[in-house]
1. Could you tell me the center-to-center distance, by alpha carbons, between segment 321-355 and segment 153-193 in angstrom?
2. Apply the a/c threshold of 1.5 to the C-alpha gyration tensor of segment 128-186 and tell me whether it is rounded, prolate or oblate.
3. Taking K and R as +1 and D and E as -1, what net charge do the other residues with C-beta under 12 Å from the C-beta of residue 171 add up to?
4. I need the phi-derived Karplus couplings for segment 211-219: 6.51 cos²θ - 1.76 cosθ + 1.60, θ = phi - 60°, integer Hz, Gly and Pro marked x.
5. Sort the following peptides by mean Cβ neighbour count (other Cβ atoms within 10 Å, averaged over residues), highest first: 299-311, 8-20, 147-159.
6. What is the spin-label model distance, in nm, from residue 248 to residue 181 if the labels are put 7 Å beyond Cα along the C-beta direction?
7. Can you give the translational diffusion coefficient of segment 310-381 in µm²/s, computed by Stokes-Einstein from the Kirkwood radius over Cα pairs at 25 °C and 0.890 mPa s?
8. Go through 176/225; 2/319; 132/341; 22/319 and tell me which ones have a Cα-Cα distance over 31 Å in this structure.
Amino acid sequence: MKIGDKVSFLFDKGGGKVAAIKGNIVYVEDADGFQIPTPINEVVVESSADSYSTSNMVKAMQSMERRRQIQSDGRSMKAMLNEGLDEDVDMTRDANDDDPSMKDITFKAPVEERKGGNLLSAYLAFVPEDIKKVTDTQFDAYLVNDSNYYLQYTYLSAENSNWHLRKQGVLEPNTKEFIEEFSQREVNALSRVCIQMVAFKEDKPFALKNPLSVQMRIDPVKFYKLHTFKPNDFFEEPALLYTIVENDKVTRSINLDPDGLKEEMYAKPDELEKLTKMNTTPSRHGLQEAEVIDLHAEKLLDSTGGMSSSDILNYQLDKFREVMKNHRHEKGKKIIFIHGKGEGVLRHAIIHELNYRYRPCTWQDASFQEYGYGATQVTIK
């Protein structure tokens, strides 16, 4: 297969010309000029003008199935040669060498960066599994990375004068990662924790960030109080959040020198409250002059009874197109489309529309703290 070949899709209607080949991904340009990225083993090269006929697609699928049967039926080389199948057998190499379907896909989508994400922000979060039984439930600990950097981290707890490694790993940009689960009886083991982080980016230059090491005192009593766990921007459930770093400003560590401890003991009540807030819920970053459109099915429809998943998706996309059409002349207009996380089907459909139907417009992930990972911001151009 080479650039310029006419191909058709094996598992869908249509096809086009090969515009580019990157690894195991082929970019197929259709009649409207759209380039559709498709795994190379899901297209077939056509040899006649009747490129997209049903018969040709059936023949291509039958040919592929026959090759798979030859590779897996376990017969000897001699038996296959005797049956006239020598044209499908290469005596010098493995039969899987030329079959794209048998090769691993090495393509890795680049990290999607968001505006403002080049300032480090990270949080330690505790989420009760059953908020209604906060005095008798398990808790989940998470690390939240609200930045465009990878964060190599270690998560430790104090054991007298020593430290115990509880988890280590790498947080991907703009993600959260489950750390551990614990019960009320184990909360005391987390009275003092330390998070160490090193920030970096892959395959691109980046601004150097200082390594950080933040110690925190976790109050076990908070885990028995319902009002401790509050609505937040990272979880659907109420959570207790501690700031590790926010907008490149590292939170104040609990390690105080004697003079610092004395200063805190004699601090005025309002000053003490300000110090306490440094280790709690992060601030919110609002979006100005942005119209918010919620595309969740339950927000658009009174009932989804009798509708298939495809019907619901098409209805949501029609609503997206209607909004874009109504604001197409409002240059600079910002629109937040809330699509949720789920399996990402609606989000990918919206991104496809933006890339091919609304090319002049720009888009990016909406504020993580405002909408989590379930919204896209579009700017009309």
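Coordinate-derived values only; no laboratory data. Bear in mind that the values here come from a model prediction, so they are computed numbers and not experimental data. Note that we place each Cβ from the backbone using ideal geometry, even for glycine, and neighbour counts take in every protein chain shown.
1. One Cα centre to the other: 38 Å.
2. Here segment 128-186 falls in the oblate category.
3. The answer is -1.
4. So the Karplus estimates, Gly and Pro as x, are x, 10, 9, 10, 9, 9, 9, 9, 7 Hz.
5. 147-159, 8-20, 299-311
6. A separation of 4.0 nm, rounded to one decimal place.
7. Result for D is 198 µm²/s.
8. 2/319; 22/319
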